[in-house]
Amino acid sequence: MKRAFTLLELIVVITLLGLVFGLFSYVFKSSVESSVFLAEDSQRLKEEALLVWNIQRKVISAKDAYMERDKLFLHTYAGDYYQGLVKCAFIYRDGVLYYYEFPYPYGDIKFYEDDRLIKLGKFKELSFSAVKGGKTEETYKGLPDLYRITIDGREYLIKP
């Protein structure tokens, strides 16, 4: 008598192999999605850290400042595009942060030209506040003890 596999045994083996390969493909797909999410998240955090570092560099060398909840205007020596004392602004509107820089600090510190704004990035939430004598201010003229910057739920404190 010949020994052979029955049709039922073959169906069971093929079903088990299908389940094993299905499980492996799900694990592989999940790991790829997780690594893509981690790479995007780390890139976003890197860009956020560079932004905060750039703001800190400008605040530390600032000679004058005016701040509102969604705007930060500075006369600073740390310009990105011009040397010497420059007027710069960080303006957050409609979920986008813009940067403005002008080579001469003349005129109103709050003045900027819309057509010269440079888009820095999109954020769900961004706000500026000033801390002077332990009291938090939404609008402030001059250099406070600390600037508090909130970006997407994370708070950064910068001392001028």
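What is region 1-54 by shape, rounded, prolate or oblate, if you read a ≥ b ≥ c off the alpha carbon gyration tensor as root eigenvalues and call it rounded for a/c under 1.5, prolate for a/b larger than b/c, and oblate otherwise?
Values: a/c = 14.37, a/b = 8.61, b/c = 1.67.
Judged from the Cα gyration tensor, region 1-54 comes out prolate (a/c at least 1.5, a/b above b/c).
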Put +1 on the Cβ of every Lys and Arg and -1 on every Asp and Glu Cβ in the chain; which of ALA65, THR15, VAL131 then has its Cα farthest towards the positive end of the dipole? THR15
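May I have the convex hull volume per residue, in Å³, for the Cα set of region 42-158?
98 Å³
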Using 21 Å as the Cα-Cα cut-off, could you pick out the over-long pairs in LYS110/LYS141; LYS124/LYS159; LYS58/LYS141? LYS124/LYS159
How high is the relative contact order of the chain? Use alpha-carbon pairs under 8 Å, at least six apart in sequence, and give a whole percent. 17 percent
Using the crude model of +1 on Lys and Arg Cβ and -1 on Asp and Glu Cβ, and no other charge, please compute the dipole size for region 1-101 relative to its Cα centre, in debye to 20. 260 debye
Going residue by residue through region 55-61, the Karplus relation 6.51 cos²θ - 1.76 cosθ + 1.60 with θ = phi - 60° gives ³J(HN,Hα) values, rounded to whole Hz and with x marking Gly or Pro, of 5, 4, 4, 6, 5, 4, 9
To make sure I understand, if each residue's beta carbon is the centre and we count other beta carbons within 10 Å, what order do ASP108, ASP94 fall in, fewest to most? ASP94, ASP108
Mean-square fluctuation maximum in Gaussian network of the chain, Cα pairs under 10 Å, restricted to SER61, SER42, SER25, hits SER25
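Rule-based calculations on the coordinates, nothing more; no lab input. The structure presented is a predicted model; accordingly, all values stated were derived computationally and were not measured. A quick note on method: Cβ atoms are made from the backbone with ideal geometry, for glycine too, and the neighbour counts reach across all protein chains shown.
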